[in-house]
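For reference, the structure discussed in these notes is given below.
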Amino acid sequence: MAFNQELEAVTQAFSGHGVDEKSLVTLLGKWDPLERESFRKKTPHLFSEDHERHFQRWDDQYVRLLKHEFVRFKNAVVLWTMHPWERDARLVKEALKKGPNEYGVLIEVACTRSSEELLGARKAYHSLFDHSIEEDVASHIHGIERKLLVALLSAYRYEGTKVKDDTAKSEAKTLSNAIRNAHKKPLNEDDEVIRILATRSKLHIQAVCKHYKEISGRPR
């Protein structure tokens, strides 16, 4: 089936007059990110363009309609067709609503996305909820993890390959001292630990961990 025919079939499946689950599973499951983006751009009755932040977002009214059409199927399909920025923004919002047991979602979004992807999620959050991720995290979370989570979700990390080994070794010593004195000050409240975890590149943090294991005598 040609892509234009697939596009028509998926659009029909989202018609609001009974959802064709088989078509959705078959076609959406094989589309790559560019094809899903093309679907969003070619269905303005389902998605609206945020011209300021440069992404396509689901129409909230249509999402509510789909919820009545297929409760069991809605979340997976809607999330799959979303722009990745919107998907992450909505996942963060839902995790904040559900509370501490879902805070792992915040860590996943903050630590597994590229700097541009995380920035995009923050832009989408602005567009969808008229708040920033940072202010909602700060206002919803009141435990000792708040400072670290705000810092992680605010980050825009360097993603190059250069690592200053002397700096990594120095920060490994800082981390070792913080862990040794965690009974006096929890790691989640240690500004230096938070700075290292929230601002350093992933390669730099790997180097810090390597030096920490050497300093602490822990196995590699």
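Please find, in a Gaussian network model of the chain (springs between Cα atoms separated by less than 10 Å), the residue of 147, 93, 22 whose mean-square fluctuation is greatest.
Looking only at 147, 93, 22, the largest GNM fluctuation is found for 22.
Amide H to amide H, which residues 5 or more places from residue 55 or on other chains are under 5 Å from it, using H placed in the peptide plane?
It is 50, by chain and number.
How much net charge surrounds residue 102 when only other residues with a Cβ under 12 Å from its Cβ are counted (Lys, Arg +1; Asp, Glu -1)?
Details: positive: 93, 97, 98; negative: 94, 108.
Local net charge: +1.
Build a GNM of the chain with springs between Cα atoms under 10 Å: which of 92, 208, 63 gets the top mean-square fluctuation?
Among 92, 208, 63, the largest mean-square fluctuation in the Gaussian network model of the chain belongs to 63.
Could you give the length gained by full extension between residue 164 and residue 37, i.e. 0.36 nm per residue of separation minus their alpha carbon distance, to one decimal place?
Working: separation 127, 0.36 × 127 = 45.72 nm, distance 3.88 nm.
Stretched fully, the residue 164-residue 37 segment lengthens by 41.8 nm.
Pick out which of 89, 124, 138 has the largest mean-square fluctuation in a Gaussian network model of the chain, springs linking Cα atoms closer than 10 Å.
Top of the fluctuation ranking is 138.
In degrees, nearest 10, range 0 to 90: what is the angle between the Cα axis of helix 60-69 and the longest Cα principal axis of the chain?
70 degrees
Relative contact order for the chain: what percent, with Cα pairs under 8 Å and sequence separation of 6 or more? Please list the in-between numbers first.
Numbers: 217 pairs, mean separation 29.5, N = 220.
That works out to 13 percent.
Considering the options 124, 48, 5, tell which one lies farthest towards the positive end of the dipole of the chain, charges being +1 on Lys and Arg and -1 on Asp and Glu at the Cβ, about the Cα centre.
124
Counting other Cβ atoms within 10 Å, keep those with at most 15, restrict to DSSP loop, and tell me which GluC sites (Glu not before Pro) in the range 154-193 are left.
159
Answer with a single label: of (i) 20.3, 65; (ii) 18.9, 58; (iii) 21.4, 64, which was calculated as Rg and Dmax of the Cα atoms in Å from the structure in view?
Recomputing Rg and Dmax of the Cα atoms in Å here picks out (iii).
Using a simple spin-label model with points 7 Å from Cα along the Cα→Cβ vector, what separation in nm is obtained for residue 195 and residue 26?
Label-label distance for residue 195 and residue 26, simple model: 5.9 nm.
What value, in deg cm²/dmol to 500, does the helix sum -39500 (n - 2.57) over DSSP H runs of n ≥ 4 give at 222 nm once divided by the residues of the chain? Numbers along the way, then the final one.
Details: 13 runs with 146 residues, N = 220.
The per-residue figure over the chain is -20000 deg cm²/dmol.
Residue separation times 0.36 nm, minus the C-alpha to C-alpha distance between residue 132 and residue 59: what's the value? Write out the running numbers ahead of the final one.
Working: separation 73, 0.36 × 73 = 26.28 nm, distance 1.98 nm.
That pair, residue 132 and residue 59, stretches by 24.3 nm at full extension.
What distance in nm separates the simple spin-label points at residue 114 and residue 154, each placed 7 Å from Cα in the Cβ direction?
2.5 nm
Expressed in nm to one decimal, what extension gain is obtained for the pair residue 144 and residue 185 from 0.36 nm per residue of sequence separation less their Cα-Cα distance? If you can, show how the numbers build up before the last one.
Numbers: separation 41, 0.36 × 41 = 14.76 nm, distance 1.07 nm.
Stretched fully, the residue 144-residue 185 segment lengthens by 13.7 nm.
What nm value, rounded to one decimal, do you get for the distance between residue 203 and residue 97 when each label is placed 7 Å out toward the C-beta?
4.0 nm
Are there any chymotrypsin sites (Phe, Trp or Tyr not before Pro) in the range 141-220 that are in a DSSP loop and have at most 13 other Cβ atoms within 10 Å? List them by number. Walk me through the numbers on the way to the answer.
Numbers: sites: 156, 158, 212; in loops: 156, 158.
Those satisfying the criteria are 156.
Go through the range 124-134 residue by residue and turn each phi into a ³J(HN,Hα) via Karplus (6.51, -1.76, 1.60, θ = phi - 60°); whole Hz please, and just put x for glycine and proline.
5, 4, 4, 5, 7, 10, 6, 9, 8, 4, 4
Can you tell me the dipole magnitude for the range 3-154 around its Cα centre, using point charges on the Cβ only (Lys, Arg +1; Asp, Glu -1), in Debye to the nearest 20?
Working: 22 positive and 25 negative charges, 61 e Å.
The calculated dipole for the range 3-154 is roughly 300 debye.
Please state the relative contact order of the range 165-216 as a whole percent: Cα pairs under 8 Å, 6+ residues apart?
Numbers: 36 pairs, mean separation 28.6, N = 52.
The value is 55 percent.
Here, each number is a calculation from the coordinates, and none is a lab measurement. This structure is a prediction, so every number in the text was calculated from the model and none was measured. Heads up, the Cβs are rebuilt from the backbone with ideal geometry, glycines too, and the neighbour counts pull from every protein chain shown.
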